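A.B. asks: There's a structure below that I have some questions on.
The values are calculated or read from the model by the stated rules, or taken from the named source; none is laboratory data. Note that this is a predicted model, so its numbers are computed, not measured. Note that we place each Cβ from the backbone using ideal geometry, even for glycine, and neighbour counts take in every protein chain shown. Surface accessibility is based on the protein's heavy atoms, side chains included, excluding ligands, DNA and RNA. Shrake-Rupley method; radii C 1.70, N 1.55, O 1.52, S 1.80 Å.
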Amino acid sequence: MVLPDSRDLINLLEHDEPLHVKEFIDAVSRCGHAIVLTLINVTEVLAPVLDDGDVDRMCRTFRLLKSIPHRALRESFLIIEEIDLALKAFRSGASAPRPLNAYVLDWRDTITPPWSVDVEQYLCSSEEEFLIESYRGNSDFFRPHAPHTAALRDLLGDNRLTKPGERRAVARKLFRGALEKHIRRQLFVAPTGEELERFGDWLYDNPMWCPSFWLSFALYQRWVDNKTDPMEEGDTHDFNLAMCLPYVDALTLDRRTMTYVRQAIRKTSLAHFDQRLYPDLSAWFKETCLK
């Protein structure tokens, strides 16, 4: 399964080059592969509706996208589900957490509040009807991270006030702080005090227990280190896709984000994920489907 970034999906769906859609579908089906759809790459592909208001075109694009063999992955739930499984394993003395199933049957199950789909919507509307209702009701659905960009940009600026060497010296403490923020928001029986410290240190030393969370933390630290790299609205999308790396067979990223990912996982137990990274969908296709 390959998770393409939005750039690759747009090139595939709207242009004949570098891949033709029919050729791609036939080859992917023949080889038993599938693309991975997430809240992020689907909404970015459909985002042109914000400019042209053409909901018929949006629905045609969505149908074409769904015609490709695919799976749906809930990237927005990965971190908290990882932490929950890891904490249960840690408390029980298990040697490793139970495997996390990140995939869902319906693409709408990848959607997070405030746009989540309830049971009545499932029964009463199709995916296309849901997309049209979302566009007409709150167009920010197609820019899910936009409202948070300013706050995250300010946070990035604040973090860059600390010298990289000083921040690395307290990396464990920063990691435990990031962990605590997640579990305070989500878990009912959250660890405190000494248990939180031991749990945080264990996760810090064993990235494979919470690979997406660990990767997201390390990736952000590498970004903070590069003080000349400003934050743009789409950066949150790219970083969230990168967080999915442990749960897909292949992931396409732009060169900038891929560099950060490689820096983050180098010389760690996540280093083997490097072989899953591709610069674009065409490179993955040639290596995987045209052998």
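A.B. asks: Quick one: in the range 25-56, of everything that is of a type in the set (Gly, Ala, Ser) and not in a loop (DSSP other than H, G, I, E, B), which residue is least open to solvent (accessible area, probe 1.4 Å)? Reasoning before the result, please.
C.D. replies: Of the residues in the range 25-56, the ones of a type in the set (Gly, Ala, Ser) are 27, 29, 32, 34, 47, 53.
Restricting the remaining residues to those that are not in a loop (DSSP other than H, G, I, E, B) gives 27, 29.
Numbers: Ala27: 3, Ser29: 67 Å².
Restricting to residues being of a type in the set (Gly, Ala, Ser) and not in a loop (DSSP other than H, G, I, E, B), the top hit is Ala27.
A.B. asks: Continuing with this model, one more query. From (1) within 26 Å of Phe213 (Cα to Cα); (2) among the charged types (D, E, K, R); (3) surrounded by fewer than 21 Cβ atoms within 10 Å (Cβ to Cβ), pick out the condition that doesn't hold for Glu82.
C.D. replies: For Glu82, the exception is condition (3).
A.B. asks: Among the residues in the range 141-149, are any open to solvent by 50 Å² or more (accessible area, probe 1.4 Å), closer than 23 Å to Leu37 by Cβ and at pLDDT 85 or above?
C.D. replies: No, that holds for no residue.
A.B. asks: Does Asp238 fit the bill of being buried (at least 20 other Cβ atoms within 10 Å of the Cβ), of a type in the set (D, E, K, R) and outside any loop (DSSP other than H, G, I, E, B)? Outline the logic, then answer.
C.D. replies: Details: buried (at least 20 other Cβ atoms within 10 Å of the Cβ): yes; of a type in the set (D, E, K, R): yes; outside any loop (DSSP other than H, G, I, E, B): yes.
The answer is yes for Asp238.
Condition check ((1) at pLDDT 85 or above; (2) open to solvent by 50 Å² or more (accessible area, probe 1.4 Å)) across all residues:
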{"residue": "Ala94", "(1), (2)": "yes, no"}
{"residue": "Glu166", "(1), (2)": "no, yes"}
{"residue": "Leu187", "(1), (2)": "no, no"}
{"residue": "Ala190", "(1), (2)": "no, no"}
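A.B. asks: Same structure, new question: Go through the range 34-84 and give me each residue that's over 19 Å from Thr236 (Cβ atoms) and hydrophobic (A, V, I, L, M, F, W, C).
C.D. replies: Scanning the range 34-84 gives Ala34, Ile35, Val49, Val55, Met58, Cys59, Phe62, Leu64, Leu65, Ile68, Ala72, Ile83.
A.B. asks: To continue, here is another question. Given the conditions (1) surrounded by fewer than 18 Cβ atoms within 10 Å (Cβ to Cβ); (2) under 11 Å from the mean Cα position of the chain (by Cα); (3) acidic (Asp, Glu), and given that Asp229 satisfies all but one, which numbered condition is not satisfied?
C.D. replies: Going through the list (1) surrounded by fewer than 18 Cβ atoms within 10 Å (Cβ to Cβ); (2) under 11 Å from the mean Cα position of the chain (by Cα); (3) acidic (Asp, Glu), Asp229 breaks only (2).
A.B. asks: Might you let me know whether the range 63-73 holds any residue that is surrounded by 17 or more Cβ atoms within 10 Å (Cβ to Cβ) and part of a loop (DSSP other than H, G, I, E, B)?
C.D. replies: Yes; the residues of the range 63-73 include at least one that is surrounded by 17 or more Cβ atoms within 10 Å (Cβ to Cβ) and part of a loop (DSSP other than H, G, I, E, B).
Quick grid of which residues meet (1) in contact with a Pro (Cβ under 7 Å, 6 or more places away or on another chain); (2) among the acidic types (Asp, Glu):
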residue	(1), (2)
Pro164	no, no
Ala178	no, no
Gly193	no, no
Leu196	no, no
Trp209	yes, no
Asp229	no, yes
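A.B. asks: Quick one: count up the residues across the range 261-283 that are within 14 Å of Arg222 (Cβ to Cβ) and open to solvent by less than 10 Å² (accessible area, probe 1.4 Å).
C.D. replies: So the answer is 4.
A.B. asks: Of all residues in the range 246-260, which are open to solvent by less than 30 Å² (accessible area, probe 1.4 Å), over 22 Å from Ala150 (Cα atoms) and either in contact (Cβ under 8 Å) with a residue 40 or more places away in the chain or touching a Ser or Thr at 6+ places or on another chain (Cβ under 8 Å) (or both)? Talk me through it step by step, then tell me what you get.
C.D. replies: Step one: list which residues in the range 246-260 are open to solvent by less than 30 Å² (accessible area, probe 1.4 Å), which gives 246, 248, 250-253, 257-258, 260.
Restricting the remaining residues to those that are over 22 Å from Ala150 (Cα atoms) gives 246, 248, 250-253, 258.
Scanning the range 246-260 gives Pro246, Val248, Ala250, Leu251, Thr252, Leu253.
A.B. asks: Can you tell me which of Ser216, Ser212 is part of a helix (DSSP H, G or I), at pLDDT 90 or above, open to solvent by 30 Å² or more (accessible area, probe 1.4 Å) and not charged (D, E, K, R)?
C.D. replies: Among Ser216, Ser212, only Ser216 is part of a helix (DSSP H, G or I), at pLDDT 90 or above, open to solvent by 30 Å² or more (accessible area, probe 1.4 Å) and not charged (D, E, K, R).
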